[in-house]
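Coordinate-derived values only; no laboratory data. What you see is a predicted model; the values in this text were computed from it and never measured. Every residue, glycine as well, gets a Cβ built from its backbone with ideal geometry; the counts of neighbours run over all protein chains shown.
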Amino acid sequence: MNNQDNQTQQTKEESKKNSINKHSPTTIFKLPITFVEKNKLHILDQHILTDLELTECTNATNTDSVNNDKNAPENLENSEEPIPIPQIKTMYDHVFNPKTIYGKHFLSNWATHYTSDVTFLKQTQTLVKHFSPLQSINDEEVDGNNTNTIDQYDDIHAIWNSIQNDKNFKDKFGYVDIGLLEPLNSSSFFLQILSLQNLASPVISLLTPLIILIIPFFLLKIQKISVSFSSYVSSLKRIAQYHPIGKVFDNFGSITWDKRIYILVSIAFYFLQIYQNVMSCHRFYKNMFLIHNNIHKFSAYIEHSIRNISYVHSIASNLSSYQQFCQESAMHANVLTALHSDIKNVMPFKVTLANISNIGTIMKYYYQIFANNDVKNAISYSFGFNSYFEHLSGLKSLILSKKIAPCTFVKSAAKKTYLDSSYYAPLMNQNPVKNKVLLHKKTTITGPNAAGKTTLIKSTLLNVIFSQQFGYGFYKKARLLPYHYVHSYLNIPDTSGRDSLFQAESRRCREILTCLLENKNKRHFCIFDELYSGTNPYEAVASAYGFIKYLNKYDNLDLLLTTHYTKLCELLQTEHVQNMHMKIELCEGSEIKYLYKLDKGISSIKGGIKVLQDLDYPQDIINSTRDIINSE
């Protein structure tokens, strides 16, 4: 396949995906973390979601790790292999690696809360430890009708949208659309009669003239008037001789033109009515085919959903902090179970006497999916629960591959807290450099540009959040006293229209300070990237020193600060702030090799020239820059 064909195929797949996603799925499902005590449930601020790229990613370098240069074909022009397109992934994409439409769409559910409830976090670790998606799959009955979960969810999403977003649903499928009479749509007997009428309408239309002619004979019999069928037919023939329609068959030429036209128009309308009824019957048959197929797919999906809920219950039912979650999911599972018991025997439609005699019942079930609030809520809930099940599966796969590890939670600030062998989630498949980060000490981090300072503090905050959401993080081991507030000073915008960059930076710091002063008895964790870099170096150092010195008074606040200002680090060292730096290796020709390893002390290495060289700046600019640096 050449590259053009590959792009065409990708365009078709994208078009199909956009068609399916015309209406995004919604759910009433709530993650277990939302059921913890309110005073132990904490909200993730929007700027943290943005800074850490938890739900939206604008950084083109944050891609799927399998799509890198070393995997690309050596000769792209002659290669028959399709060119891989890097997939930009959010942090939660890296954690849960969802494949289905529900797994992808409901990732944002995680981006709302974290918790300081240690009991919940430990019990979540227990749940994940015993969770085995393979065991759940092995419990299923395998038959020829089982489909791939991704395709199954896509089908269900498309069917659900077609049902819930069809404004002409009742008219399309022949349901009663009159307010007072709508309860009849829940009557299988009424719907059966209505269905038989739709099926028989072409035959009834065809036989209507004959029925009209025969009815008087039976009326005479009811009145006990003695008349034989042959004499009745003879009487009809005599009457027909004097009727315009009868003359059509006897002597058409003797009829006037106005009566000829009347007769021809009547016959045309008669056959038009038959045609309309035939088409109506055909549409009804197609609808029956669609309804049966949709219900059959829903039956398999609901069975799959019930199995997932039951499996999670088998692990979580004994966990105290999961009781409300289990009760809510059990309530919806009961509704799904009742629906499944009704529709489990519905198969793709075939014209058989048994199927025809059961049409009313099938239409009743289909209407329940459309209109019954309990059923609709249960199905909507299943979308979110199945995404949660998929996310647990993704988390479990990271545990089995030893990419993440459980966190140990402590109850006292007297114990040292840290992340050991911590690393950045997007690098999990690229043999990342790992670092030990001490959380119980306020720490500054120096190093040249591109040495990994920002990545290190981002990964630290990410691992703190992950640890306080599901008890695991991207590290070898960790000890943590949970935080009540997390703060981020990254990517401060200077485009608000009213603030300069320094004003925006100062505003963010003021927000952090206000939160700290209003919650002095709560634990806080902050990361600061290039504090007050929006002003001149002299004022930046002075302002940053004053701010960090003030924060240093609070033992309930831990922080990491990156900076290029060695003077600031020297000043803060007198305030018992720990100075660390990112190690580099100086090579021949002033070349720098980045080691991305955290070490003690302050870095005095200047790496700006290296960045300019990597970006292929003119040598004159680089020489002038080097002259100024060397003259200092």
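For an R0 of 56 angstrom, estimate the FRET efficiency from the Cβ-Cβ distance between Arg507 and Asn334 and round to the nearest 0.05.
Details: r = 51 Å, r/R0 = 0.91.
Working from the Cβ atoms, E equals 0.65.
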(request) Treat each spin label as a single point 7 Å out from the Cα along the C-beta direction, and report the Tyr617 to Arg283 distance in nm. (result) 7.2
(request) Note down the nm distance, to one decimal, between modelled labels 7 Å out along Cα→Cβ at Glu37 and at Ser108. (result) 3.2
(message) Using 19 Å as the Cα-Cα cut-off, could you pick out the over-long pairs in Lys297/Lys344; Lys122/Lys396; Lys434/Lys567?
(response) Lys434/Lys567
(request) Could you pull out every residue, at least 5 positions away or on a different chain, whose amide H is within less than 5 Å of the one on Thr408? Hs are placed 1.01 Å off N in the peptide plane, and Pro or chain starts have none. (result) Ala478, Arg479, Leu480
(request) Could you work out the Rg to Rh ratio of segment 371-417, with Rh taken as the Kirkwood radius (inverse of the mean 1/r over all Cα pairs)? (result) 1.32
(message) Please compare each pair in Lys40/Lys453; Lys415/Lys477; Lys38/Lys520; Lys549/Lys583; Lys286/Lys350 to a cut-off of 20 Å on the Cα-Cα distance and tell me which ones are over it.
(response) Lys40/Lys453; Lys549/Lys583
(message) What FRET efficiency comes out for Leu184 versus Thr574 if R0 is 60 angstrom and r is the Cβ-Cβ distance? Round to the nearest 0.05.
(response) 0.10
(request) Report the extension gain between Asn148 and Thr361 in nm, rounded to one decimal, defined as 0.36 nm multiplied by the number of residues separating them, less their alpha carbon distance. (result) 73.8 nm
(request) Kindly write out, for segment 416-432 in residue order, the coupling ³J(HN,Hα) from the Karplus curve 6.51 cos²θ - 1.76 cosθ + 1.60 (θ = phi - 60°), rounded to whole Hz, with x marking Gly and Pro. (result) 5, 10, 6, 10, 9, 6, 7, 8, 8, 3, x, 9, 4, 9, 10, 6, x
(message) Under the rule of at least 5 residues apart or a separate chain, name every residue whose amide H is placed under 5 Å from the amide H of Glu530.
(response) Thr562, Thr563
(message) Less than 26 Å apart at the alpha-carbon level, and either on another chain or at least 8 residues along: which lysines does that give for Lys224?
(response) Lys237
(message) Under the 0.36 nm per residue contour assumption, what length would be gained going from the current alpha-carbon distance of Thr26 and Gln323 to full extension?
(response) 104.5 nm
(request) Rounded to whole Å and ordered largest first, report the semi-axes of the equivalent ellipsoid of segment 405-631 derived from its Cα gyration tensor (root of 5λ). (result) 30, 23, 16
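Of all GluC sites (Glu not before Pro) in segment 569-604, which ones are in loop regions per DSSP and have a Cβ with at most 15 other Cβ atoms within 10 Å?
On the way: sites: Glu570, Glu575, Glu585, Glu588, Glu591; in loops: Glu575, Glu591.
For GluC sites (Glu not before Pro) across segment 569-604 that sit outside H, G, I, E and B with at most 15 neighbouring Cβ atoms in 10 Å, the list reads Glu575, Glu591.
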(request) Run the quick spin-label model on Cys515 and His440: label points 7 Å from Cα toward the beta carbon, then report their separation in nm to one decimal. (result) 2.4
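Which FRET efficiency value, to the nearest 0.05, is calculated for Asn165 and Val265 with the Förster distance at 60 angstrom and r the Cβ-Cβ distance? The partial results should precede the final answer.
Numbers: r = 42 Å, r/R0 = 0.71.
The computed FRET efficiency comes out at 0.90.
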(request) Could you rank the peptides 425-435, 440-450 by their average count of other C-beta atoms within 10 Å per residue, with the highest value first? (result) 440-450, 425-435
(request) With θ set to phi - 60°, apply the Karplus curve 6.51 cos²θ - 1.76 cosθ + 1.60 along segment 110-122 and write out the HN-Hα couplings as whole Hz, x wherever there is a Gly or Pro. (result) 6, 8, 10, 9, 9, 9, 9, 7, 5, 4, 4, 5, 5
(message) Skipping prolines and chain starts, which residues have an amide H placed within reach, meaning under 5 Å, of the one on Leu44, given they are 5 or more residues away or on another chain?
(response) His113, Tyr114
(message) Explain nothing, just compute: Karplus ³J(HN,Hα) = 6.51 cos²θ - 1.76 cosθ + 1.60, θ = phi - 60°, for every residue of segment 616-628 in order, whole Hz, x for Gly and Pro.
(response) 6, 5, x, 4, 4, 5, 5, 5, 5, 5, 5, 4, 5
(request) Multiply the residue gap between Thr625 and Lys549 by 0.36 nm, knock off their C-alpha separation, and tell me the result in nm, one decimal place. (result) 24.0 nm
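Which of the three applies to segment 352-472, rounded, prolate or oblate, going by the alpha-carbon gyration tensor with a ≥ b ≥ c and a/c under 1.5 meaning rounded?
Numbers: a/c = 3.87, a/b = 3.03, b/c = 1.28.
Here segment 352-472 falls in the prolate category.
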